[in-house]
1. Restricting to region 1-50, give me the number of residues that are within 16 Å of the ligand (Cβ to nearest atom), within 18 Å of the chain's Cα centre (by Cα) and in a loop (DSSP other than H, G, I, E, B).
2. Of I78, I47, which residue is farther than 26 Å from A244 by Cβ, in contact (Cβ under 8 Å) with a residue 12 or more places away in the chain and of a type in the set (A, V, I, L, M, F, W, C)?
3. Quick one: would you say E132 is surrounded by fewer than 23 Cβ atoms within 10 Å (Cβ to Cβ) and of a type in the set (D, E)?
4. Sort through E140, E135, E157 and tell me the only one that's in contact (Cβ under 8 Å) with a residue 12 or more places away in the chain and either under 17 Å from I246 (Cα atoms) or among the charged types (D, E, K, R) (or both).
5. Output the helices (runs of 4 or more DSSP H) that fall wholly within region 141-249 and possess 2 or more residues being within 15 Å of the ligand (Cβ to nearest atom) and either of a type in the set (V, I, T) or modelled with pLDDT under 95 (or both), or say none.
6. Consider only pairs whose beta carbons are under 7 Å apart and that are at least six residues apart or on different chains; among these, list those whose first residue lies in region 93-108 and is free of Cβ contacts under 8 Å to residues at least 24 places away in the same chain and whose second residue is of a type outside the set (F, W, Y) and within 16 Å of the ligand (Cβ to nearest atom).
7. Quick check: is even one residue across region 92-101 closer than 20 Å to G234 by Cα, β-branched (V, I, T) and within 14 Å of the ligand (Cβ to nearest atom)?
Amino acid sequence: MRTKLIAANWKMYKTPDQTSEFFRNFLPLVSGHTRDEIAVCPPYIDIATAVQAAKESNVGIGAQNMYWEKEGAYTGEISTGMILAAGCKYVIIGHSERRQYFGETDDTVNKKLKVALDAGLIPIVCVGEVLEEREAGLTEDVLRRQCTNAFRGISAERAAKLVVAYEPVWAIGTGKTATPQIASDAHVVVRAEAGKAFGKQFAEDLRILYGGSVKPDNANALMSEEEIDGALVGGASLDPKSFAAIVKY
Ligand code: PEP
């Protein structure tokens, strides 16, 4: 039985004050909710506030990115050691916006994944096709390539905490959601790749989240799919009531 993970990706939204306000309103709405694991990934500047606010609650905090070096002259970057020391449990790796605007590649995703796993963080590795790839019938090829490269050189033992998020790029922030069937079909491909890399049992236990315009009114249909083990939520996670409604789908 895979416990679903419902994770918020706040992207570049909210100040520390707005973060405090979010948690003041959100925590009472989900207190005592044990069916699903809940995570919030705010901008770095808000992590300390979020960790403090969510202390002793059922909500874990994550970062939206990381760098693979421990420390050094890497202006603007942040290491897994720093993320852990700040109190994070999760880290998002390879989000399509990082791939699209900040030059992330399958190779950098693989480097980051290795370091995040070794640090003991729960990495949420994002994969997904762009619209042209879907329309050209390339979705499966893209997912296979992204997964094979992300998982390269990692043993099943080392990968134990891995979480994958299938996020079709055409559904992110567009209001267009993949149907539960489209998402399930993609998850089957990702699970098969995990099976090849890490073995059958690992693949059966792997949590694969869906992300792409998840909202309170479509969360239930998506989360009812056997193949879908949670959600990575952008826009709809910024409002405490809306994110709580998704958590409670
Ligand atoms: C995301 O940022 O990972 C995402 C899925 O965004 P949205 O829910 O806004 O589509």
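The values are calculated or read from the model by the stated rules, or taken from the named source; none is laboratory data. Not measured: the values here are computed from a predicted model. Cβ coordinates were reconstructed from backbone atoms using ideal geometry, including for glycine residues, and neighbour counts include every protein chain displayed.
1. So the count comes out to 7.
2. Result of the check over I78, I47: I78.
3. yes
4. E140
5. 240-247
6. That search, which allows pairs on different chains as well, returns E104/G94; E104/R98.
7. For region 92-101, residues closer than 20 Å to G234 by Cα, β-branched (V, I, T) and within 14 Å of the ligand (Cβ to nearest atom): present.
Per-residue answers, yes or no, for (1) under 18 Å from the mean Cα position of the chain (by Cα); (2) under 25 Å from F151 (Cβ atoms); (3) among the hydroxyl-bearing types (S, T, Y):
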position	(1), (2), (3)
S184	yes, yes, yes
R191	yes, yes, no
K196	no, yes, no
G212	yes, yes, no
G230	yes, yes, no
V233	yes, yes, no
L238	yes, no, no
K241	no, no, no
V247	yes, no, no
